[in-house]
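Laboratory data are not the source of any read-out in this text; all were calculated from the coordinates shown. Note that the coordinates shown come from a computational prediction; the quantities given were computed from them, not determined experimentally. Counting neighbours? That spans all protein chains shown, and the Cβs are built from the backbone with ideal geometry, glycine included.
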Amino acid sequence: MRNNKPVILRGCAVCVAAILGTVTAFILYSGIEALTQSSRLALFGSVWSPASGKFGILAMIQASILLALSALTLGWVLSLGLCCLMNGLAPKFIAKIIMLVINMMAAIPTVVYGFAAVFLLVPVIRDALGGTGFCWLTAGMLLALQGVPAMTIIMNGAMSQISRESKLTSQSLGFTNVQHLTHVVMPLSGKAMISAAIIGLGRAVGDALLPTMLAGNAIRFAHSPVDSMRTLTAHISLVLSSDIGGGEHLSLLLAGALLLTFCAIVSLAARHLIRGKNS
Amino acid sequence: MKAREIFLSIISWLSLAIILLGVSSLVVFLFMRGAGSLNANLFFGNTPAFDAIFALKPVWSGIWPAVAGSLLLLLVTMIIAIIPGISCGVYLACFASVREKNYISTCVDVLAGIPSIVMGLFGLELIIVLRKTFLPQGNTCLLLAAFCLAILVLPTLIVSVRSSIEALPSRLTLTANALGMSHSQCVKNVLIPIAMPGILGGVILSMGRAMEDTAVIMLTGAVANAGLPAGLGAKFEALPFRIYYTAAQYTSQEELARGFGTALLLLLCSWALILLARIFQAHLTRKWEGVKS
């Protein structure tokens, strides 16, 4: 019965897989090629000075990691808080409101977040902490906010399912709602929390708009939250490739390959974790 | 032990407060600054609406070219993405063997994780390679941007089509088979028509994704001043790029006010699309709950 699979559908499915392969191969190949043909440009170095022919992207790698980790930590805690509220800490109608807010947040375009923050948050930070206001802190706060919906939806999916399955048992054992949450649901949903964090990390590293619009884009190592920084994604979106084959262009390719590798590993890890839970 | 519970509630309520404060202040700020400029003047500037829409006169100070560019981009993107996306979703849900399912859905997951800026870089590199080989006069353009956007939204489309078909109760397939339908007939005549609201929801969801994405188009041909889109092979304007550009390069208060209006417009469109998608998807569940009772 299942032997006569429609050829067209199958072709499309294979085509999608092939597209993924092409994109990956293409980006990785360009990245590796950039790395091999440019040992004199010191692409993995810490110095960025086009005048002397050094195009090191180490500062951007550091910026990407710092920004993503800080945004992830904040966003993850916020999402966990929301999930706890929705699964026992708060009354039903608040849970409904939270879900509505989450769905609305998920639909806000990144560029709109960035635009509003440029004119609302940046002046506040500038007046409160000095500097230009375009800094690690500003970008990190917005990036955390932007990552909340995806992580909350993943965590809440697992937690509400576990909650439903175990509710009756723990009620009959005399647990209160809060005890049910802290002693049954949360210990059991560890994997969902980790996979939410992994997926959130991938999103935070891969986002280009918020760092570009809010982080200031100076190429240097950031030491304090009010320092300006340029992430790998911002680097790609800022450099206009007028000189193809030059140092700047090659640094873009390397940045793209690094991002792709990282995000692919992240997706595979999250997938592995979620599948492990089902089996 | 009691302390732990209190600590957890404090953290939870605090995080709700932080999120509500953050989001509502950003949204309210946007509404306050943008609502005033959300009128016909925002779209067409000083040009009469009729002349602007039919491209009789150029629009200098309105966002109509960006709106038109975004709409055309969306149309081309969906034309490219819709057939492979839906077919792949249907195939995964109905026909794929376990191994194929595993392999293809891994690919879809990885594809979903690729940052959009990397997809933009892919488009840029693609056109550079094409220029070196058999398309020497090629340049970044609307078709290229639509192609990259289509790849970007494919995973969203595939996953939602697949899950809306898999959510259907298995007794449908059983009944259809018992009535003597082959599996393909069952998929074609029973499963797909019933899952249609969910599939449409997925299409709309991916439209929202394509409309808001900025990172791809800024590397593949969006520019600030192109006028109405001149064709598939030309540079174009788009709403998200217009917003991004205004934030960095605005020169007058007027332009800034238009920026706020544009951002608000994009936000409202985005919300409208997601609402529509949810309505379709809820319709799918309700239909089946209704039959059950």
Which of B:Gly259, B:Gly138, B:Gly227 fluctuates most in a GNM of chain B (C-alpha springs under 10 Å)? That residue is B:Gly138
The base-10 log of I(q)/I(0) that the Debye equation returns for chain A at q = 0.10 Å⁻¹, one scatterer per C-alpha, is -0.67
Here the range B:169-184 yields Karplus 3J(HN,Hα) values (6.51, -1.76, 1.60; θ = phi - 60°; whole Hz; Gly and Pro given as x) of x, 6, 5, 4, 4, 4, 4, 4, 5, 5, 7, x, 6, 6, 4, 5
Here, A:Ile8 and B:Trp60, labelled 7 Å along Cα→Cβ, have an inter-label distance in nm of 5.1
Taking Cα atoms only, helix B:98-113 is inclined relative to the longest principal axis of chain B by an angle, in degrees rounded to 10, of 20
In degrees rounded to 10, the 0-90 angle between helix A:92-106 Cα long axis and the longest Cα principal axis of chain A is 20
GNM on chain A, Cα springs under 10 Å; top mean-square fluctuation among A:Arg126, A:Arg164, A:Arg203 goes to A:Arg164
Sorted by chain and number, the residues with a modelled amide H under 5 Å from that of A:Trp48, at a separation of 5 or more or across chains, are A:Gly56
Partner shielding of B:83-92, taken as the mean number of other chain Cβ atoms within 10 Å, equals 5
Note: A:29-37 gets an average of partner chain Cβ contacts (10 Å, Cβ to Cβ) equal to 1
Listed by chain and number, the aspartates and glutamates with an alpha carbon less than 20 angstrom from that of B:Lys132, same-chain partners under 8 positions apart left out, are A:Glu33, A:Asp243, A:Glu248
Here D for chain B, in µm²/s, from Stokes-Einstein with a Kirkwood Rh over Cα pairs at 25 °C and 0.890 mPa s, works out to 112
For the pair A:Asp127 and B:Leu21, the simple spin-label estimate (label points 7 Å beyond Cα toward Cβ) gives in nm 1.6
Karplus ³J(HN,Hα) for the range B:66-75 (6.51 cos²θ - 1.76 cosθ + 1.60, θ = phi - 60°; Hz, whole; x = Gly/Pro) runs 5, 4, 4, x, 4, 5, 5, 4, 4, 4
Over the range A:117-187, the quotient of the Cα radius of gyration and 2.2 N^0.38 Å is 1.81
Rounded to the nearest 10 degrees, the helix B:253-292 long axis (Cα) sits at an angle to the longest Cα principal axis of chain B of 10
Links exceeding 32 Å between C-alpha atoms in this model, out of A:Lys96/A:Lys191; A:Lys191/B:Lys188; A:Lys92/A:Lys191, come to A:Lys191/B:Lys188
Once A:Met99 and A:Lys191 are pulled to full extension, the length gained, defined as 0.36 nm per residue separation minus their Cα-Cα distance, is 31.0 nm
The FRET efficiency for B:Gln137 and B:Ala49, from their Cβ-Cβ distance with R0 = 41 Å and rounded to 0.05, is 0.70
Bounding extents of the protein assembly as shown in its principal axis frame from Cα atoms, largest first in Å, are 70, 62, 57
Quick calc, the range B:38-292, dipole around Cα centre from Cβ unit charges on Lys, Arg (+) and Asp, Glu (-), nearest 20 debye, gives 600
The Cα radius of gyration of the range A:85-156, divided by 2.2 N^0.38 Å with N its residue count, comes to 1.35
Given unit charges at Cβ for Lys, Arg (+) and Asp, Glu (-), the dipole magnitude of the range A:118-214 about its Cα centre in debye, nearest 20, is 180
Summed over the other residues with a beta carbon less than 15 angstrom from that of A:Ser170, with K and R at +1 and D and E at -1, the charge totals 0
Total charge of the residues flanking B:Ala226 in space, meaning their Cβ is under 13 Å from its Cβ, with Lys and Arg +1 and Asp and Glu -1, is +1
Row for the range A:153-279, column shape: gyration tensor on C-alpha, a ≥ b ≥ c, rounded if a/c < 1.5 i.e. under 1.5, prolate if a/b over b/c, else oblate; value prolate
The answer for the net charge of residues other than B:Pro58 whose Cβ lies under 15 angstrom from its Cβ, with Lys and Arg +1 and Asp and Glu -1, is -1
Comparing B:Pro136, B:Pro197, B:Pro58 in a Gaussian network model of chain B (Cα, 10 Å), the one with the largest mean-square fluctuation is B:Pro136
Farthest towards the positive end of the dipole of the range B:191-280, among B:Phe241, B:Gly202, B:Ala257 and with Cβ unit charges of +1 on Lys and Arg and -1 on Asp and Glu, lies the Cα of B:Gly202
